[in-house]
Every structure is written in structure tokens, then in C-alpha cells.
Amino acid sequence: MEKQRRYFQTIPPNLYDEIWHLQSLTNESEYFTKNFLKKALIIEAKMRGIATTGLFTYIRYWYYAIVNKTWSPVFLFRLSVYHYHNGIKRWASILHRMNIVLNGCDIGYETRISPPLTIYHPVGIVIGAHTKMGSGCILHAGCQCVQTPLFIGGNGQYPTIGNNVFIGAGTIIVGGVTIGDNSILGAHALVIESIPPYSKVIGPKAKILLNSPRPSNHID
């Protein structure tokens with residue numbers, strides 16, 4: 001456990017015990033309860049220095065949902081999940097659309113993501129429905145976790161991502177692959193096979209396709 005804790009780069013040590021407890025509930029029915037939602041938001045707010053006590057806590061949450069680009073997508077996602085699984089699907093859809101409009105971030109409300117979740121630069125992030133993601137993951141702009149479409153011969157499955165996984169900008173994870181704990185996926189990596197824990201994956205390297213000679217009238 002101590003080895004794993006060292007990989008929580010963005011999480012204060014005083015939140016570890018709360019995180020372990022919530023992580024154990026992610027695969028149980030309590031994941032969809034108001035109690036879980038409240039605890040998850042408290043942890044994710046504390047990580048961003050947002051006060052979690054007082055009469056105006058939820059007003060403060062909504063204020064930061066508008067002005068804080070790392071809090072807004074996570075907050076709206078958590079609310080949409082809670083409303084969807086408690087039968088308030090219209091509000092879940094509205095919150096999901098708000099996330100797309102305000103942040104350019106599309107995270108399905110059927111997705112299961114253990115807290116805490118950290119998102120930097122949310123524009124272009126797509127996390128498909130039924131994707132499962134562990135605790136302490138970090139997402140960057142343009143990363144996608146999507147199914148393999150049935151019409152091209154895919155099985156329609158979604159990725160399963162472990163704990164403490166760093167997903168770089170533009171990374172695409174396709175199909176029912178498994179990403180092991182504490183892995184780092186570099187920018188623009190295309191992941192179509194499962195990856196063992198503690199792996200580092202880099203994207204395709206740029207190649208020079210044409211190196212044209214300088215024109216005769218070129219001036220340095």
C-alpha cells in the first residue's frame with residue numbers, strides 16, 4: 001500500500017484514508033448515493049483548495065463550477081451520475097450538456113470513476129459510457145476512452161483503467177482494454193491493447209515525409 005501511495009502525486013497525505021474508503025465503495029450500490037456524492041465532492045474540493053464547510057458550501061461549489069476549469073468538469077460529472085442513477089434522468093442529461101458547453105468535456109453519466117479525479121485543460125476530453133476508472137487518475141486535453149464500434153467489427157466494450165493512471169493530451173484508448181495501476185500514457189498514444197501496471201507508453205513519433213530544398217529566392 002505504501003508503494004502505491006507514492007504515486008498519488010496531486011493528493012495531500014491527509015486525504016489518503018478517505019480515498020481508500022471511497023475507493024472500496026465504487027463497485028457497490030453506495031456509489032450512486034447522496035452520501036458517496038458528498039464525500040467525493042469534499043475530497044475533490046479539498047484538493048483544489050475549495051472550502052467544504054459553512055452555510056454556503058454548495059453555492060461555493062457552483063461558483064467554482066463556472067470559474068475553475070479543473071473543478072467544473074468533475075463537479076458536473078459527479079452531479080450527473082447521481083441524478084441519472086436516482087431516476088432524475090432529465091437533470092442528468094442537462095448537467096451532462098452543461099459540461100460539454102462550459103468545458104468542452106464529454107463524460108458519460110454511466111461512467112464509473114473513483115474519486116479523486118483530476119482534469120487539466122478539459123477541452124476535447126471524451127470518456128464513453130460504461131468506462132471504468134480507478135482512483136487518482138489525471139486527464140489532459142483531448143484524451144478519449146471509447147468503445148470499438150460494432151459496425152466495424154468491434155465488440156462494443158469500453159476500457160477499464162486502474163488507479164493513479166496519467167493520461168496525456170490526445171491519448172486515445174479504444175475497446176475493452178485494461179490499463180494497469182500507476183501507468184503513464186504519453187501524449188497522443190493510441191492504446192488498443194491492455195497494458196500492465198507501472199508501464200510507460202509513448203505516442204507515435206513524428207516523421208519527416210518531405211524535406212524540400214530552399215527556393216532560389218529564399219532570404220535568411
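Please go through the range 51-90 and pick out each residue that is more than 21 Å from Ile127 (Cβ to Cβ) and of a type in the set (S, T, N, Q).
Thr52, Thr53, Thr57
Residues checked against (1) outside the structural domain of Val191 (by TED's automatic domain parsing); (2) in a loop (DSSP other than H, G, I, E, B); (3) of a type in the set (Phe, Trp, Tyr); (4) within 19 Å of Ser194 (Cβ to Cβ):
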{"position": "Val81", "(1), (2), (3), (4)": "yes, no, no, no"}
{"position": "Ala92", "(1), (2), (3), (4)": "yes, no, no, no"}
{"position": "Arg97", "(1), (2), (3), (4)": "yes, no, no, no"}
{"position": "Pro115", "(1), (2), (3), (4)": "yes, yes, no, no"}
{"position": "Ala129", "(1), (2), (3), (4)": "no, yes, no, no"}
{"position": "Gly142", "(1), (2), (3), (4)": "no, yes, no, no"}
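For the condition over 12 Å from Pro116 (Cβ atoms) and either modelled with pLDDT under 75 or polar (S, T, N, Q) (or both), what is the one hit in Lys38, Lys3, Lys34?
Unique residue meeting the criteria: Lys3.
How many of the residues making up the range 121-165 are among the aromatic types (Phe, Trp, Tyr) and either surrounded by 22 or more Cβ atoms within 10 Å (Cβ to Cβ) or modelled with pLDDT of 95 or more (or both)?
Total satisfying the criteria: 1.
Residues that are assigned to a loop (DSSP other than H, G, I, E, B), farther than 23 Å from Phe77 by Cβ, at pLDDT 85 or above and of a type in the set (Asp, Glu): does the range 178-186 have at least one?
Within the range 178-186, none of the residues are assigned to a loop (DSSP other than H, G, I, E, B), farther than 23 Å from Phe77 by Cβ, at pLDDT 85 or above and of a type in the set (Asp, Glu).
If I go through the range 101-113 residue by residue, how many of them are over 20 Å from His85 (Cα atoms), outside any loop (DSSP other than H, G, I, E, B) and touching a residue at least 12 places away in the same chain (Cβ under 8 Å)?
The number of residues fulfilling the criteria is 2.
Report yes if Thr111 is closer than 17 Å to Ile43 by Cα and among the β-branched types (Val, Ile, Thr), otherwise no.
No: the conditions fail for Thr111.
Scan the range 71-100 residue by residue and report those that are among the hydrophobic types (A, V, I, L, M, F, W, C) and closer than 19 Å to Arg60 by Cα.
Within the range 71-100, Trp71, Val74, Phe75, Leu76, Phe77, Leu79, Leu95, Met98 qualify.
The values are calculated or read from the model by the stated rules, or taken from the named source; none is laboratory data. Just so it is clear, the model here is predicted, and its values are computed rather than measured. Cβ coordinates were reconstructed from backbone atoms using ideal geometry, including for glycine residues, and neighbour counts include every protein chain displayed.
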